[in-house]
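J.: This is the structure I want to talk about, given as structure tokens.
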Amino acid sequence: MSDEEDIILSELDDEELVQQMHDDLYDGLKEEIEEAVNILLERGWEPYRILTEALVGGMTIVGQDFRDGILFVPEVLLAANAMKAGMSILKPLLAETGAPKMGKMVIGTVKGDIHDIGKNLVSMMMEGAGFEVVDLGINNPVEDYIEAIQKEEADILGMSALLTTTMPYMKVVIDTMKEQGIRDDYIILVGGAPLNEEFGKAIGADAYCRDAAVAVETAKTFITRRHNQAAAG
Ligand code: B12
């Protein structure tokens, strides 16, 4: 999608640069994405705005063309790597708010699923909001989740799934927690593109969150409610 002649990123205005980043993400150009993220930071853009408008915005286009059979796995992997490179520049900036610790979250992508960009984004935003996050990575069986929430004494369990074939596994985890009598000890948040509110309710999660910003708000609401209950009880 990008032109053959050399484009000097720093000479583009903000709007052109974001457009160029969408093209560069599409083409999996990691170094260009890193450079452009740094340019926007120098221009005073908030890290969160760069994340949503430039990176997530670009990934949305990649997602549409993957769905429509225009892009294939190798290309999407390159795009994902470019996205991750951009995210890793923003991560320390998002996490540096110095906010008091709000609570602890264990998060991971469910068994059979290797998508992790959305999960990583949620982790970053949660850390930025003052939560401690333990990231279990991808492809997690129920045992790993349960071991981690107990060992880490987590307040929140977060599960991510991007495939319609893996999202039912969230119910396996929640049902196992119920069987062990520990379900109500944790706030359970679920997310991922194929989920919705109804699904979250049906499997017995506390909430479905459509994006990382909603995840942060929802986590804060539940943590506050818990503290109030503890104080009252
Ligand atoms: C990138 C990508 C890949 C990359 C993943 C790289 C990586 N490291 O993650 C690669 C190329 C490896 C890949 C592989 C596959 N993929 Co893919 N992939 C995508 C794509 C294009 C983008 C996903 C993404 O990163 N989005 C950007 C992030 C920021 O958004 P997000 O994940 O939705 O996360 C946000 C929210 O959902 C929410 N959230 C997410 N998780 C959580 C967790 C919690 C706790 C909370 C509160 C919130 C939350 O907050 C996030 C931030 O705002 C999607 C398209 C799409 N529309 O989603 C397809 C898509 C998910 N993939 C798809 C498919 C089919 C596959 C493959 C099976 C392809 C194949 N034939 O091999 C394999 C599956 C491998 C496996 N076993 O998991 C399909 C799934 C279709 C379906 N009905 O299930 C999709 C929808 C594309 C499509 N339309 O065909 N994929």
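J.: Filter segment 56-102 down to the residues that are over 18 Å from the mean Cα position of the chain (by Cα) and small (Gly, Ala, Ser), then identify the one that is most open to solvent (accessible area, probe 1.4 Å).
T.: Result: 98.
J.: Working carefully through the options 149, 114, find the one that is assigned by TED's automatic domain parsing to the domain that holds residue 200 and surrounded by fewer than 16 Cβ atoms within 10 Å (Cβ to Cβ). Working first, answer last.
T.: Values: 149 fails: surrounded by fewer than 16 Cβ atoms within 10 Å (Cβ to Cβ).
One residue alone meets the criteria, 114.
J.: If you go through segment 28-41 one residue at a time, do you hit one that is more than 9 Å from the ligand (Cβ to nearest atom), over 30 Å from residue 130 (Cα atoms) and open to solvent by less than 60 Å² (accessible area, probe 1.4 Å)?
T.: There is at least one residue in segment 28-41 that is more than 9 Å from the ligand (Cβ to nearest atom), over 30 Å from residue 130 (Cα atoms) and open to solvent by less than 60 Å² (accessible area, probe 1.4 Å).
J.: Has segment 155-166 got any residue that is in contact with a His (Cβ under 6 Å, 6 or more places away or on another chain) and either open to solvent by 40 Å² or more (accessible area, probe 1.4 Å) or farther than 22 Å from residue 123 by Cα (or both)?
T.: From segment 155-166, those in contact with a His (Cβ under 6 Å, 6 or more places away or on another chain) are 162; that's our starting set.
This time we only want the ones that are either open to solvent by 40 Å² or more (accessible area, probe 1.4 Å) or farther than 22 Å from residue 123 by Cα (or both), so: 162.
Yes, segment 155-166 contains a residue that is in contact with a His (Cβ under 6 Å, 6 or more places away or on another chain) and either open to solvent by 40 Å² or more (accessible area, probe 1.4 Å) or farther than 22 Å from residue 123 by Cα (or both).
J.: Please go through segment 167-191 and give me each residue that is open to solvent by 20 Å² or more (accessible area, probe 1.4 Å) and under 30 Å from residue 67 (Cβ atoms), ordered by number.
T.: The answer is 167, 168, 169, 171, 172.
J.: Might you check whether a residue that is without any contact (Cβ under 8 Å) to a residue 40 or more places away in the chain, in a loop (DSSP other than H, G, I, E, B) and polar (S, T, N, Q) occurs anywhere in segment 117-129?
T.: Within segment 117-129 (the criterion being without any contact (Cβ under 8 Å) to a residue 40 or more places away in the chain, in a loop (DSSP other than H, G, I, E, B) and polar (S, T, N, Q)), the answer is no, since none of the residues qualifies.
J.: So if I check each of 194, 141, 168, which one is modelled with pLDDT of 95 or more, out of contact with any helix residue (DSSP H, G or I) (no Cβ under 7 Å at 6 or more places or on another chain) and within 11 Å of the ligand (Cβ to nearest atom)?
T.: Going through 194, 141, 168 in turn, just one is modelled with pLDDT of 95 or more, out of contact with any helix residue (DSSP H, G or I) (no Cβ under 7 Å at 6 or more places or on another chain) and within 11 Å of the ligand (Cβ to nearest atom): 194.
This table checks each residue for (1) under 18 Å from the mean Cα position of the chain (by Cα); (2) without any contact (Cβ under 8 Å) to a residue 12 or more places away in the chain; (3) under 24 Å from residue 212 (Cβ atoms); (4) within 13 Å of the ligand (Cβ to nearest atom).
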position	(1), (2), (3), (4)
135	yes, no, yes, yes
145	yes, no, yes, yes
152	no, no, yes, no
164	yes, no, yes, yes
172	no, no, no, no
178	no, no, no, no
183	no, no, no, no
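Let's see how each residue does on (1) farther than 30 Å from residue 173 by Cα; (2) out of contact with any Lys or Arg (no Cβ under 7 Å at 6 or more places or on another chain):
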position: 35; (1), (2): yes, yes
position: 70; (1), (2): yes, yes
position: 74; (1), (2): yes, yes
position: 78; (1), (2): yes, yes
position: 104; (1), (2): no, yes
position: 107; (1), (2): no, no
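J.: Quick one: which helices (runs of 4 or more DSSP H) lie wholly within segment 1-113 and hold at least 3 residues that are free of Cβ contacts under 8 Å to residues at least 60 places away in the same chain and farther than 21 Å from residue 191 by Cβ? Quick ask: steps written out before the conclusion?
T.: Values: elements: 14-26, 30-42, 57-67, 73-94.
In segment 1-113, 14-26, 30-42, 73-94 are the helices (runs of 4 or more DSSP H) which contain 3 or more residues that are free of Cβ contacts under 8 Å to residues at least 60 places away in the same chain and farther than 21 Å from residue 191 by Cβ.
J.: Looking for something within 16 Å of the ligand (Cβ to nearest atom), outside any helix (DSSP H, G or I) and among the aromatic types (Phe, Trp, Tyr) - is there at least one such residue anywhere in segment 198-207? Steps first, please.
T.: Narrowing segment 198-207 to residues within 16 Å of the ligand (Cβ to nearest atom): 198-201, 203-207.
So of that shortlist, the ones also outside any helix (DSSP H, G or I) come out as 204-207.
Going one step further and asking which of them are among the aromatic types (Phe, Trp, Tyr), we end up with none.
Checked segment 198-207: no residue is within 16 Å of the ligand (Cβ to nearest atom), outside any helix (DSSP H, G or I) and among the aromatic types (Phe, Trp, Tyr).
J.: Among the residues in segment 180-189, are any among the hydroxyl-bearing types (Ser, Thr, Tyr) and more than 14 Å from residue 104 (Cβ to Cβ)?
T.: First pass over segment 180-189, keeping only residues among the hydroxyl-bearing types (Ser, Thr, Tyr): 186.
Subsequent filtering for residues that are more than 14 Å from residue 104 (Cβ to Cβ) retains none.
Scanning segment 180-189, I find no residue that is among the hydroxyl-bearing types (Ser, Thr, Tyr) and more than 14 Å from residue 104 (Cβ to Cβ), so the answer is no.
The values are calculated or read from the model by the stated rules, or taken from the named source; none is laboratory data. Keep in mind that what you see is a predicted model, and the values were worked out from it rather than measured. With ideal geometry, Cβ positions are generated from the backbone for all residues, glycine too; neighbour counts draw on all protein chains shown. Only protein heavy atoms, including side chains, enter the accessible area calculation; ligands, DNA and RNA are left aside. Shrake-Rupley method; radii C 1.70, N 1.55, O 1.52, S 1.80 Å.
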